[in-house]
Amino acid sequence: MIDILNSIKSDSISKINELDSLHELDQLKSFLLGKKSPLMDVLKDIPKIPLEKRPVIGKEANQLKQELTKRLNKKRDELINKERDDFLNQNQADVTLPTSGFPSGSYHPITIVTRYVCSILNRYGYAIKQGPNIETDFNNFEALNIGPNHPARDMHDTFYLKNKTVLRTHTSPVQIRTMLEQEPPIKIIAPGKVYRCDADTSHSPVFHQVEGLCVDKHITFSDLKGTLEAFLHELFGDEHAIRFRSSYFPFTEPSVEVDVSYTINGKTTWLEIMGAGMVQRNVFRQVSYDPDSYTGFAFGLGIERIAMILYKIDNIRLFYENDHRFLTQF
Ligand code: DAH
């Protein structure tokens, strides 16, 4: 009987070693350990052998059953790993194939127009200055001749913050920062975001301006007009008419607003794109410049408005919705 078990063992082990697939393994398992297997036959015949030999044969047969089960399980793990490796080898990614392509980024129209505006004014000798988005009440209003109860504060729909600070309502406070820091001559432009509590098709709570300031001895209104006319002509070409309209700002005197003709959906209208004027004497006093020695002009233009004219856009909100169909046109 022991001999039979030994031959079952060597026969079974060589069959297990030869296995090549999980399917074959399942078949072999039922052949080796199923009810009709040679090993089961031995177990069934145990009652027929002499009583004293039964424990030895029984023990041997059970050990063989355990060993074959162990070997089959080990083989199963090996075959699973082999099948996975074969699959991965046959299905390797070809990294040399061309991709389906992915879109490259582009500049936002507001960035394009801001850079365009700044590049023209840079050429006229204006240096770029920047100021913070959170401003003191002093820089945003008071030093610009807009006192605590000045009616012009109404126009600014301000987001007030703590400790007498505000989200700047315009880029004009950069004028004050510059003049507090340096003596004339000054020629700066200040691009940046500004904030107002305001929203409709032509107003957004966040928008963009470029401020300009030129201060020296003998600067006149003609300098202002000549500079802005040359600049606007470069910006818009001959296609758009430009008009200066007298206006009022507390920080300039005299003051103007500049409108540009704008045709959209077959209708021509004027769109206001900037305020400008000669720097008010009180502003010079606030920054300790002598208003009898120096004069200057300032201007502040709205980037969204200019972009709307250049690209014929009728709703300011398109700039902020981040719709790809819109953004990829620029
Ligand atoms: N800060 C003004 C505004 O946002 C625009 C402006 C007007 C700026 C006249 C100027 C200026 O520098 O001189 O409405």
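Within 10 Å of each candidate Cβ there may be at most 15 other Cβ atoms; applying that plus a DSSP loop requirement, which chymotrypsin sites (Phe, Trp or Tyr not before Pro) in the range 46-119 survive?
Numbers: sites: F87, Y107, Y116; in loops: Y107.
Loop-located and lightly packed - Y107.
Ordering F31, V117, V287 by Cα displacement along the dipole of the chain toward the positive end leaves F31 in first place; charges were set at the Cβ atoms of Lys, Arg (+1) and Asp, Glu (-1). The GNM of the chain, with springs linking C-alpha atoms under 10 angstrom apart, assigns the highest mean-square fluctuation among G105, G300, G277 to G105. Residues Y160, Y320, ranked from the fewest to the most other C-beta atoms within 10 Å, line up as Y160, Y320. Taking 0.36 nm per residue of separation and subtracting the Cα-Cα distance, full extension of the segment from R317 to S14 would add 101.3 nm.
Under a Gaussian network description of the chain, with springs only between Cα atoms under 10 Å, the residue in N91, N145, N133 that fluctuates furthest is N91. Between H233 and E60, the simple label model (points 7 Å from Cα in the Cβ direction) yields a spacing of 11.6 nm.
If exposed means no more than 12 neighbouring beta carbons inside 10 Å and the site is in a DSSP loop, what's the longest run of the chain without any exposed GluC sites (Glu not before Pro)? With GluC sites (Glu not before Pro) excluded where exposed in loops, the chain gives 1-238 as its longest stretch.
Taking the chain, how much of its Cα-Cα pair set, in percent, is spaced more than 27 angstrom apart? Value for the chain (Cα pairs over 27 Å): 62 percent.
Which value, in debye to the nearest 20, describes the size of the charge dipole of the range 166-300 about its Cα centre when Lys and Arg Cβ atoms bear +1, Asp and Glu Cβ atoms bear -1, and nothing else is charged? The partial results should precede the final answer.
Working: 12 positive and 17 negative charges, 61 e Å.
That gives the range 166-300 a dipole magnitude of about 300 debye.
Taking the centroid of alpha carbons for each part, the range 38-95 and the range 220-288 are 93 Å apart.
Taking Cα atoms only, the orientation of helix 2-18 departs from the longest principal axis of the chain by about 30 degrees. Of V215, V166, V95, the residue with the greatest mean-square motion in the GNM of the chain, using alpha carbon springs below 10 Å, is V95. On the principal axes of its alpha carbon atoms, the range 191-231 extends 40, 18, 13 Å, with the longest extent given first. Counting Lys and Arg as +1 and Asp and Glu as -1 over every other residue whose Cβ lies under 12 Å from the Cβ of G212, the net charge comes to 0. Each 10 Å bin from zero holds the following percent of Cα-Cα pairs in the range 2-91: 15, 43, 24, 12, 5, 1, 0. For the range 2-91, a simple Cβ point-charge model (Lys and Arg +1, Asp and Glu -1, everything else neutral) yields a dipole of about 500 debye relative to the Cα centre.
Using helices alone, what [θ] at 222 nm do you get for the chain, with -39,500 (n - 2.57) per DSSP H run of 4 or more residues, divided over all residues and rounded to the nearest 500? Show your work: numbers first, answer last.
On the way: 11 runs with 137 residues, N = 330.
Calculated at 222 nm, the ellipticity per residue is -13000 deg cm²/dmol.
If the only charges are +1 at each Lys and Arg Cβ and -1 at each Asp and Glu Cβ, what is the size of the charge dipole of the range 222-266 around the Cα centre, to the nearest 20 debye? Please report the intermediate quantities before stating the final value.
Values: 3 positive and 8 negative charges, 30 e Å.
Here the range 222-266 has a charge dipole of around 140 debye.
The count of lysine pairs in the range 40-122 that are at least 8 places apart or cross chains, and whose C-alpha atoms lie under 27 Å apart, stands at 16. Pop out the Kirkwood hydrodynamic radius of the range 165-281 from its pairwise C-alpha distances, inverse of mean 1/r, in Å to one decimal. With all distinct Cα pairs of the range 165-281 included, I get 15.9 Å. The angle between the Cα long axis of helix 221-236 and the main principal axis of the chain comes to about 40°, on a 0 to 90 degree scale. Loop-located trypsin sites (Lys or Arg not before Pro) in the range 202-248 (DSSP state not H, G, I, E or B) with no more than 13 neighbouring Cβ atoms inside 10 Å: K217. Residue farthest toward the positive end of the dipole of the chain, with Cβ of Lys/Arg at +1 and Asp/Glu at -1: which of G237, I80, T99? Going by the Cα projections, it comes out as I80.
Residue order for L97, L43, L213, L318, fewest other beta carbons within 10 angstrom first, comes to L97, L43, L318, L213.
Every number in this text was worked out from the coordinates using simple rules, so none of it is lab data. None of these values were measured; they are calculated from a predicted model. Please note: Cβ atoms are built from the backbone with ideal geometry, for glycine as well, and neighbour counts cover all protein chains shown.
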